[in-house]
Amino acid sequence: MASSPKEYNVYKSVERQFNKAAEKMGLDPDVRAILSKTNTETVVNFPVEMDNGEVRMFTGYRVQHNNVLGPYKGGLRFHPEVDINEVRALASWMTWKSAINEIPFGGAKGGITFDPAEVSFRELEHISRRFTYALGNVIGPEYDIPAPDVNTNAQIMAWILDTYLLMQPTHERARCMHVVTGKPIESGGSLGRDRATGQGVVYCIEQWATDNKFDLKGSTYFVQGFGNVGSWTAKLMKPHGAKMVAVADATGNFVCPDGADPDELIAYMDKQARERDELRKARQEDKIRALGPIGVKGYPGLKEVDKATFLATKADIFVPAALENQITNETAKTLNVRLVAEGANGPTDPDGDEILWSRKIDVIPDILCNSGGVIVSYFEWLQNKRSEYWKVSDVVSKLKEKIVGDEQQPGGYLRVRDAAKEFNVDWRTAAYVVALRRLEKVYKERGIWP
């Protein structure tokens, strides 16, 4: 069986991946030493008064891995399993993502250890704002820019933005709108940001299909995690004529051999969200908790199965878009697909990677495949700095240029593909090589001082 979240140290996987690539490419030992450690790690314990008047303590994190390419950048996740090792791993991956796609950001990540489903909307706001206040100058628009991640969204970014602005001198506030990305459109967010990660996943799948002369029309796929990334990936696969034959989320694992319509599933979940909004307006938080998480369970045509059966679904493509440590030494042996396109961070551990490589199952690794989010976050940051709003068509076309590119101006996908051929390695190792080469070059150009 796979390790439980408490037993599994995802940062150890990052170290193994990093060291494998560093050895393969002969990374400069001084640069290797620098990149093997995080720059700064902040842990804050802060009080929040809950709805019942009780004061509860929360623990939050912000880890800044590296900023040699530009300001730290990375999301915030609210989840009961958040710990320092997970945040270290996620911060490191953000450094690699930015380097692969040649955007001027470094890597950071943060989070709070709690389950947002167990608090009220009002309590969630207070937790988000108090965390921002506790971080203080650890974040900043030209220093460290948070964004949404697991269980966080545009609303939470709006609260963080507002709190941060109120902590600044009045005459400086208008210059700090880009302290977070993934904001609501009306608060300075970017069109296309909601679809960005899923769009990037699909761009990678499209290019893989082209390279392998594979017709996506009539192909089959399944998605683990039907949140923002998974649902947008499915929605954007639909025009290709691909069929979703299984789906999993917080409500369970389900198969649908005849196919499920992504748009209808999204509408089904949107209806649940509206129902909860009405209950929230009526201040009926107990009823919201009784309903449980929003999800696909109950949608007609879905048959619930156990996780092992779900992961063994026969399909052309698997999109893991949930949490880490899903494809392991055990589960990698049961996958029955041609391609794994990683929408989540760290869904495959190093042992799982080796098995997929030996079985000739292609993998588009997370630090390439799901980097659409940070790329469009960069676009939002630019728009805020320039006081501009870009059309969604401009955002998605610029995203494709960055994540795929062409032979004259290759994007991240083509650079990783070429590195995999050059070193005769799996794509994850190749992705690390692409990132490390860029970082190594910058460190050698700038030197270490004093």
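Observations
Conditions (1) in contact with a helix residue (DSSP H, G or I) (Cβ under 6 Å, 6 or more places away or on another chain); (2) over 20 Å from residue 437 (Cα atoms); (3) outside the structural domain of residue 323 (by TED's automatic domain parsing), marked per residue:
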position	(1), (2), (3)
18	no, no, yes
57	no, yes, yes
61	yes, yes, yes
75	no, yes, yes
80	no, yes, yes
85	yes, yes, yes
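- Qualifying residues in the range 253-300 (those that are under 20 Å from residue 221 (Cβ atoms) and in contact (Cβ under 8 Å) with a residue 60 or more places away in the chain) - the one surrounded by the most Cβ atoms within 10 Å (Cβ to Cβ): 296
- Check on residue 171, farther than 25 Å from residue 404 by Cβ, without any contact (Cβ under 8 Å) to a residue 40 or more places away in the chain, assigned by TED's automatic domain parsing to the domain that holds residue 142 and not aromatic (Phe, Trp, Tyr): yes
- Subset of the range 219-240 [hydrophobic (A, V, I, L, M, F, W, C) and either assigned to a loop (DSSP other than H, G, I, E, B) or touching a His at 6+ places or on another chain (Cβ under 6 Å) (or both)]: 226
- When residues of the range 194-227 are limited to those that are aromatic (Phe, Trp, Tyr) and in contact with a strand residue (DSSP E or B) (Cβ under 9 Å, 6 or more places away or on another chain), the one surrounded by the fewest Cβ atoms within 10 Å (Cβ to Cβ): 214
- Taking the range 1-114 and the strands (runs of 3 or more DSSP E) fully enclosed by it, the elements with 3 or more residues that are among the small types (Gly, Ala, Ser) are at 107-112.
- Qualifying position, being within 18 Å of residue 340 (Cβ to Cβ), modelled with pLDDT of 95 or more and out of contact with any Lys or Arg (no Cβ under 9 Å at 6 or more places or on another chain), among 223, 296, 245: 223
- Qualifying helices (runs of 4 or more DSSP H) (wholly inside the range 342-450; at least 3 residues being among the small types (Gly, Ala, Ser)): 372-386, 412-423, 427-446
The values are calculated or read from the model by the stated rules, or taken from the named source; none is laboratory data. Here the structure is a predicted model, which is why all the values come from computation and not from measurement. Glycine gets a Cβ as well: all are built from the backbone with ideal geometry, and neighbour counts include every protein chain shown.
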